[in-house]
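Undergrad: Please read through the structure below; I'll follow up with questions.
Derivation of every value follows stated rules applied to the coordinates shown; laboratory data play no part. Keep in mind it's a predicted model, so treat the numbers as computed, not measured. For neighbour counting, all protein chains shown are included, and Cβ atoms are generated from backbone atoms with ideal geometry for every residue, glycine included.
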Amino acid sequence: MVRPATVLLAGLAAACSPPATDWKAAPDPSIVAMTPAEAERVVQTLVAPPFLPAHDQVAPGPPRIVEIRMEIVEQEVEIAPGVFVWQMAFNGSVPGPVPVVHQWDWVDLTLVNGTSDTLSFGGAPNQMAHNIDFHAATGAMGGGDLTVVPPGREVGLMWRAVKAGLFVYHCAPGGEMVPYHVVTGGNGAILVLPRDGLRDGYGAPIRYDRAFYFGEQDYYVPVDEAGVAKRYDGFIAQMPDMIETMKALVPTHIAFNGRYGALTRDVRLEAAVGETVLMLHSQANNASDPHLIGGHGDWVWPYGKFGNRPLEGLETWHVVPGGTAAAVYTFRQSGTYAYLNHNLIKAFLYDAKALIHVEGEWDDDLMTTTFPARAMTPSGAAR
């Protein structure tokens, strides 16, 4: 099993990996034909991003029913200095947590629209009905039609993960409520791993030591006549002005993991030279272009779907609106790396960035300083 911040190497798959010439193997008909009545039930404890819950990288046996609980919290958060937003947050975090299952598993969700102090993530009364649309699910608006739940109630949904990849989920109550709930934080992603684990473009197994999830969030904060961000008494009171601001299609704030400084100051992401890190990225409403300054995507799934052969050695990759991307990189040098949206305006004038701190030895053969800063040498003069 894996720990939230550090992913242990999983065991080898029970079946042999396909040869490099057969990159994509057909699914096992007996696995596809399984029914929920035949499946073991397990409970997965979700954790706050950027980390992932304990999980196996290779399915430990036949498909299982994975039970998860997600609580919807309407909460006021200071997303930037002096700027407050009422968020719609799954389990009290923006983005929401990342459940991890394997292809052909079932997800058995209890979705709670809370109003009491008995909830895990706070007791402020919610004001609106909510639901959840899993892009990984099949039918009923991704489950949205079956999960509408008013404040103070809970609802159950079970669905089968028939596709492998990283998929967005979000609240989608209908009409203008869909973008309003999404841009106030009501989104996240679910990781559906292939049953035999990730493979590179040659068919060889990929095993990662750590995994980080970067949820990119755009906000549309109304301002008063003096240009000062407005503050509201609740999730409903904020809605009319925010919807008007949204119509301009220009975010006022962009952040990784819900607020400015979340992954550059509040949470320290760490790795070591020689470790392979799985980097997961979602954007539920706009496009993004992830880039790792000082590194690369050794193997990249630009659309985040593991049924597609990954691309090798990318410098920057793309996330479509309402989509994801996944990449692995094995760190070869110590130091601080910046993982960011390479629309650099969004990275530096807003806050679409994170820092990864890597410990270990420096390799001069990969990079070294040939001389320090000095007076310029005239052109043509001997050095």
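Undergrad: Return yes or no: is Val168 surrounded by 18 or more Cβ atoms within 10 Å (Cβ to Cβ), more than 18 Å from Thr324 (Cα to Cα) and among the β-branched types (Val, Ile, Thr)?
TA: When the stated conditions are applied, Val168 does not pass them.
Undergrad: Hey, could you check region 196-219 for residues that are of a type in the set (Asp, Glu) and not in a loop (DSSP other than H, G, I, E, B) and say which is farthest from Gln87 (Cα to Cα)?
TA: This residue is Glu216.
Undergrad: Under the condition of being farther than 30 Å from Asp218 by Cβ and in contact (Cβ under 8 Å) with a residue 24 or more places away in the chain, which residue from region 340-383 is surrounded by the fewest Cβ atoms within 10 Å (Cβ to Cβ)?
TA: Leu366
Undergrad: A further question on this structure: Need pairs with beta-carbon distance below 7 Å; first residue under 24 Å from Pro50 (Cβ atoms) and within region 179-203, second of a type in the set (Asp, Glu); sequence gap 6+ or separate chains.
TA: Every condition considered, the pairs that remain are Val183/Asp218.
Undergrad: Can I ask one more? Test Pro194 against the criterion of being over 27 Å from Ala39 (Cβ atoms) and either touching a helix residue (DSSP H, G or I) at 6+ places or on another chain (Cβ under 7 Å) or not basic (Lys, Arg) (or both), and give yes or no.
TA: no
Undergrad: Follow-up question, since we're still on this one. Report yes if some residue within region 160-172 is within 20 Å of Gln87 (Cβ to Cβ) and among the small types (Gly, Ala, Ser); otherwise report no.
TA: Yes.
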